[in-house]
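Have a look at the structure below before the remarks.
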Amino acid sequence: MKAELKNLARELKGWAANADAEDFSGLRAQSRADAPPSAAPAGAVCASATAEKSQNAKKAAAPRAGRCPAADAACAQGEVALSQIAAEICACKKCPLGETRIKAVPGVGNPRARIMFVGEGPGYEEDHRGEPFVGRAGALLDKIIAAMGLRRDDVYIANVVKCHPTIDPTDHEKRGNDRPPTPSETAACHDYIVRQIAAIRPEFIIALGASAARALTGGEKTSLSALRGKVMKLPPDSFPIGYDAKFAATFHPAALLRNPNWKKDAWEDIKMVMRELGMTIPPKQS
């Protein structure tokens, strides 16, 4: 019996040594296909929250450079907090947007990110997929992140409003149905963005567009031009996050798609942030 087991072990070892990546890929695909669908968790946590939890778990094994063990422990607590926040967002009905959305969009990215991008609210594509910045504006944001020498997984991306603000809330399939969030909608989501920032503790926040910048400064009528080109700090009264968080404002990627002439100014804003963080700035970017 022992001799048979030894022979079987040798055969398996030899097969594994000769199997290529395609073999293993096929096995994984077959395993996924054969596996029974998992039951929906209690409380109907949405796909966004599940994806958030999965992404956070992947980041746990890769500590941010220069962090001490105590800081890593704090980050682990932040990952748990982000998952909890995502679950709350997916069940949220604080404002009418919670009744009309297709999917809530909590946020995505590295829970230990040095840089956090904050937009105004989900659009058509985001509402359907439950992830921020996935349409044409998202593709441009990815290019900006790549120009910084980073990947999407290196940063954290969220919006001040977590559900899709629509002109006509009865038609989710209508294109061009987006609108900026109202002050009351932004106020309803304010606690979520405060807690996300507190959990991630980014070194720098980049507000994308006037609505996002106003939400971070607390000024309802401040123009984007008045906020661009300067390093600011989140007001501690409305953002009690336990540290002085720096932020800057720049154009929303959707605005850059409408007016490509603003791209140069947007890149100057990004370079200002990179200098603040001691990052290497590429000699030339288009």
For THR170 and HIS128, calculate 0.36 nm times their separation in residues minus their Cα-Cα distance, and state this gained length in nm to one decimal.
13.7 nm
Surface/4 estimate of mean projected area, convex hull on alpha-carbon atoms of region 174-237, nm²:
5.6 nm²
Karplus (6.51, -1.76, 1.60) ³J(HN,Hα), θ = phi - 60°, over region 78-92, in Hz, Gly and Pro reported as x
x, 5, 5, 4, 5, 5, 5, 4, 4, 5, 5, 4, 5, 9, 6
With 5 Å bins from zero, work out the P(r) of region 76-211 over every alpha carbon pair and list the percent per bin.
2, 11, 21, 25, 20, 13, 6, 2, 0
Hydrodynamic radius (Kirkwood) for region 152-286, which is based on Cα pairs only, to one decimal in Å:
16.2 Å
Determine the sum of side-chain charges near ALA188: Lys and Arg each +1, Asp and Glu each -1, restricted to other residues whose C-beta is under 13 angstrom from that of ALA188.
0
Listed by chain and number, the residues whose amide H is under 5 Å from that of GLY119, excluding neighbours fewer than 5 places away on the same chain and using placed H, are ALA158, ASN159, VAL160, LEU208
Test item: Cα-centred dipole of region 102-233, Lys/Arg +1 and Asp/Glu -1 on Cβ, debye:
540 debye
Is there a pair in LYS94/LYS233; LYS230/LYS271; LYS103/LYS162; LYS103/LYS263 whose C-alpha atoms are over 19 Å apart, and which pairs would that be?
LYS94/LYS233; LYS103/LYS263
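Read the figures in this text as sums done on the coordinates, not as results from a lab. This is a predicted model, so every value here is computed, not measured. Quick reminder, even Gly has a Cβ in these numbers, built from the backbone with ideal geometry, and neighbours come from all protein chains shown.
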